[in-house]
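Undergrad: Dumping the structure here so I can ask a few things about it.
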Amino acid sequence: MSAKRPVYDCDTSDYWCSEKDYNAKNKKYGSFIDDGKAYQITNPETPRPWLNYFANHKFGSVTSNRGLGFTWYRSSLLRLTKYEHPVDYLPREFQDGREVTVEDLRTSRTSNILRDAKDLICTHRPGYSVFTGTALGLKFEMTLFVPLEDSCEIWSLELKNPSKAKRELKVSFSQIWTFSKFGIHTAEDGIPYISIPGKDLKTSTDKKGCYCHSTNKDLPYEMYGVFQSPQSESAEIRGLPETRNDGRKFVFNLCELRSSLSLNAGQSKLFQIVSGADTAEKDFKNLKSKYLKPAAYVSEFRKVTDKWQEYFDCISCAIPDKNMQNFLNAWFKNQLNLIFHFVRSGQNGYRDSLQDVWGLTLMDPKLSEERLYEILSYQLADGTAPRNFSSFNDGKHDMRRFMDSPTWIARTLSDLIKETGKKSILDKKIPFINGKAATIDEHVWRSLDYLFSHRGKHGICLTGDGDWNDALEGISKQGDAESLWLTIAVYDAMMIMIDLYRHCGKKGRAEALAQKADELKKVVNAVGWDGQWYVYGFTGSGKPIGSKINKEGKIHLNAQTWAVFSGLADKERAKIAMKSVEKHLDTPLGPVLMTPPYVHEAAEVGRIARLEPGTFENASIYQHAVSFHIFANLAIGEKEKAFKTFVNLLPTNPKNFDSRRTSEPYCTGNYYCGPKHKRFGQNFFTWFTGNASWLMRAGFDEMLGVKAGFDGLEINPRVPTSWKKYTMTRKFRGCQYKISFVKSLKDKGIKVNGRKIAGNVISPVSGKKCDVTVYFS
């Protein structure tokens, strides 16, 4: 008999692909089409549901490649339509969702068309998804999207009769309302309901739709819901009572819209459905009234496609590596649109939100600026910040002191100012969550001053309740733990702010911060260098983490990469540290976060030792951290290794094929299982991750080499030596730049509109368009 499997937090064993699929490298499910801006799934039997998300500032929706999914308001934890799963960390598998049923009145045959169609093709695109297929001899095409502003999801279904005979049909559309709030996942309790579905929910119907009014005090809002169609002839709401194992009684509500139709030979019929909710009765009435007009559906879809064309055009590339090109041009942007609005599914992580703003600044500087001001308003007056802030404006924030939270402000702020040219942003006043308003300069200054002042016995920054690696939450159990990585991150933020201060004429600030940064640099190199790499930190009892003397967690990736790309490590140590990473951490998919995984040494590291070895922070290929590795390799001139890491990390890496990886091939994820796991390379959770911003910045800014600077666009290509030419388009301060890169041993330098310039900075151009040629060697 085999040994009993240990019980882990977020156990993945239920999700393991079969041994057969793990080795089925020739299984194919779909491909990129339309110059990489769409992914078409032609085999619906995907390893798990392959999703697409749609989002605006208050409403979100997700669909699988079979149309299953759910909708939410403000947070994916405030669910309007039904989704539940007892152990999921992030949405990935669905039992409920959109149902479209067609009945042939002559034969009495029925079909749930999205489930039954044998030839179902799902085409996911940024902003919308399209399903096509055949059922009961009818052709169908169904489009799903969320409008740019309205708090709803749109279904648009065209049914066509391709036969030569007239068809008499009935069609129904249904979904299940829940109007309930969920809690955050815990290993012991799964994902719990905080409010009871159906509680204090009044419903009504007319022939066009189903409506509801929730006065449930357990929800953060009074809410109004709508499910209607201008083509509907009747509507019904049926209660679906359930008694749970704990005795609680739930009532879900099945909403159904029905229509009859006759289709002559070759004739088609369009149905349009709106499913949504809002918190003000007037907004609900406006939603209801607007979408009784068929033209509204068409105009809102056009707005969505127009907006996405703007996002495609604002920054894009044509490069030799088409997988990298597809992600840079379309799919990182699609992912960023989701996480910018809904961060990490149910939680507005402070540091997460800042990094998402950093990425979206390349697509939408105005929206990013507004979001930055909102994030800063949750900062405390002493300079620290909450772990998470509420999506519901109810003051219920996670106030744990994860001390890295405010260190991410500097990079986002500086690059926003570079992008817009608005140095006045630094002097804009934003209130603290618990104090008066102060300039953004003061917000950043207080955060760095607090972290510099709160250091431990080794002279490095105190961890508080945690840092980036929040699975190391046990290291302060026996006193104040210290994080060397955090200290490096503070140094990095200081160096960014020094540069910003100098360009904004704040010489005194720059000089004062330079002295502090220099002190941190000396301390980290004095106490943190372990001979071949940097330690990660010290536990509350003073024991090192990430040291050669440790049996588990001997070397941690982030301490090495951040020391390198921040410039804290000198050239010699930078090369030694990166060689150690290559020796101890590298895999064909990118380096693992640390090694060996924690198994026995749980006393002073905490939750990380309860994570299955090779998953999450416990020695997985943690994709956010791998993106830091790309920046580090570029910092030491290893452009070939940086490119290799980039393309190997993408889900299109042929060594980590679809049936093994199991996740969507057009979306990055949280992690790949590390080599100590039986499913090395499998990806369990996708979409909600900070790596989209870092990878898009690494690609456009650092590798393709077109980066916003204070004085213009900075040109510094660092691409593989095999590349002979490539192009980029880049909107910058009102001008659209078309930049052609040509490898040449003869020609040198940069030409702007045919005229050669000195140096590598293109000063802002006053016109609407600018042609640039860059010769590189």
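Undergrad: For Ser722, state whether it is assigned to a strand (DSSP E or B), at pLDDT 95 or above and either of a type in the set (Gly, Ala, Ser) or over 26 Å from Glu310 (Cα atoms) (or both).
TA: no
Undergrad: Do we find that Lys639 is out of contact with any helix residue (DSSP H, G or I) (no Cβ under 9 Å at 6 or more places or on another chain) and either farther than 24 Å from Val357 by Cβ or aliphatic (A, V, I, L, M) (or both) in this structure?
TA: It is false that Lys639 is out of contact with any helix residue (DSSP H, G or I) (no Cβ under 9 Å at 6 or more places or on another chain) and either farther than 24 Å from Val357 by Cβ or aliphatic (A, V, I, L, M) (or both).
Undergrad: Here is a further query. Hey, among Ala512, Ala563, Ala517, Ala574, which residue is open to solvent by 30 Å² or more (accessible area, probe 1.4 Å) and either within 22 Å of Ile621 (Cβ to Cβ) or modelled with pLDDT of 95 or more (or both)?
TA: Just one listed residue meets the conditions, Ala512.
Undergrad: If Pro241 satisfies all but one of (1) out of contact with any Asp or Glu (no Cβ under 8 Å at 6 or more places or on another chain); (2) open to solvent by 50 Å² or more (accessible area, probe 1.4 Å); (3) part of a loop (DSSP other than H, G, I, E, B), what's the number of the condition it fails?
TA: (3) is the only condition that Pro241 fails.
Undergrad: Consider the range 244-259. How many of its residues are surrounded by fewer than 19 Cβ atoms within 10 Å (Cβ to Cβ) and either under 24 Å from Leu105 (Cβ atoms) or among the hydroxyl-bearing types (Ser, Thr, Tyr) (or both)?
TA: The number of residues fulfilling the criteria is 3.
Undergrad: Is at least one residue of the range 547-559 touching a helix residue (DSSP H, G or I) at 6+ places or on another chain (Cβ under 9 Å) and more than 30 Å from Glu519 (Cβ to Cβ)?
TA: Yes, because at least one residue in the range 547-559 is touching a helix residue (DSSP H, G or I) at 6+ places or on another chain (Cβ under 9 Å) and more than 30 Å from Glu519 (Cβ to Cβ).
Undergrad: Among the residues of the range 613-622, how many are outside any loop (DSSP other than H, G, I, E, B), open to solvent by less than 10 Å² (accessible area, probe 1.4 Å) and of a type outside the set (A, V, I, L, M)?
TA: Number of matching residues: 2.
Undergrad: Taking the range 45-83 as the search range and keeping residues that are among the aliphatic types (A, V, I, L, M) and not in a loop (DSSP other than H, G, I, E, B), which one is surrounded by the most Cβ atoms within 10 Å (Cβ to Cβ)?
TA: Leu80
Undergrad: Please go through the range 717-773 and give me each residue that is closer than 19 Å to Leu362 by Cα, touching a residue at least 60 places away in the same chain (Cβ under 8 Å) and hydroxyl-bearing (Ser, Thr, Tyr), ordered by number.
TA: Within the range 717-773, Thr727, Thr729 qualify.
Undergrad: Next up: Between residues in the range 525-552 that are over 21 Å from Asp404 (Cβ atoms) and in contact (Cβ under 8 Å) with a residue 24 or more places away in the chain and residues that are buried (at least 17 other Cβ atoms within 10 Å of the Cβ) and aromatic (Phe, Trp, Tyr), which pairs lie under 9 Å by C-beta distance while being six or more apart or on different chains?
TA: The qualifying pairs are Glu552/Tyr598.
Undergrad: For the range 362-398, which residues satisfy the criterion of being of a type outside the set (Lys, Arg), open to solvent by 10 Å² or more (accessible area, probe 1.4 Å) and touching a Ser or Thr at 6+ places or on another chain (Cβ under 6 Å)?
TA: Pro365, Ser391, His397
Undergrad: Find all pairs meeting these conditions: Cβ atoms under 7 angstrom apart; at least six residues apart or on different chains; first residue within the range 490-511 and more than 13 Å from Asp441 (Cα to Cα); second residue in a helix (DSSP H, G or I) and of a type in the set (D, E, K, R).
TA: Cβ pairs passing all conditions: Tyr491/Lys521.
Undergrad: For residues that are modelled with pLDDT of 95 or more and surrounded by fewer than 20 Cβ atoms within 10 Å (Cβ to Cβ), tally how many sit in the range 451-465.
TA: Summing the residues that are modelled with pLDDT of 95 or more and surrounded by fewer than 20 Cβ atoms within 10 Å (Cβ to Cβ) in the range 451-465 gives 8.
Undergrad: Which ranges mark the helices (runs of 4 or more DSSP H) fully within the range 498-612 that have 1 or more residues being under 29 Å from the mean Cα position of the chain (by Cα) and within 30 Å of Pro654 (Cβ to Cβ)?
TA: Counting at least 1 such residues, we get 557-565, 571-584.
Undergrad: Quick check: is even one residue across the range 686-704 assigned to a loop (DSSP other than H, G, I, E, B) and surrounded by fewer than 22 Cβ atoms within 10 Å (Cβ to Cβ)?
TA: No, because not a single residue in the range 686-704 is assigned to a loop (DSSP other than H, G, I, E, B) and surrounded by fewer than 22 Cβ atoms within 10 Å (Cβ to Cβ).
Undergrad: Which condition number does Lys249 fail, the rest of (1) within 17 Å of Arg79 (Cα to Cα); (2) touching a strand residue (DSSP E or B) at 6+ places or on another chain (Cβ under 6 Å) being met?
TA: (1)
The values are calculated or read from the model by the stated rules, or taken from the named source; none is laboratory data. Because the structure is a prediction, the values reported are computed rather than measured. Note that we place each Cβ from the backbone using ideal geometry, even for glycine, and neighbour counts take in every protein chain shown. These accessible areas exclude ligands, DNA and RNA; they are computed on the full protein's heavy atoms, side chains included. Shrake-Rupley method; radii C 1.70, N 1.55, O 1.52, S 1.80 Å.
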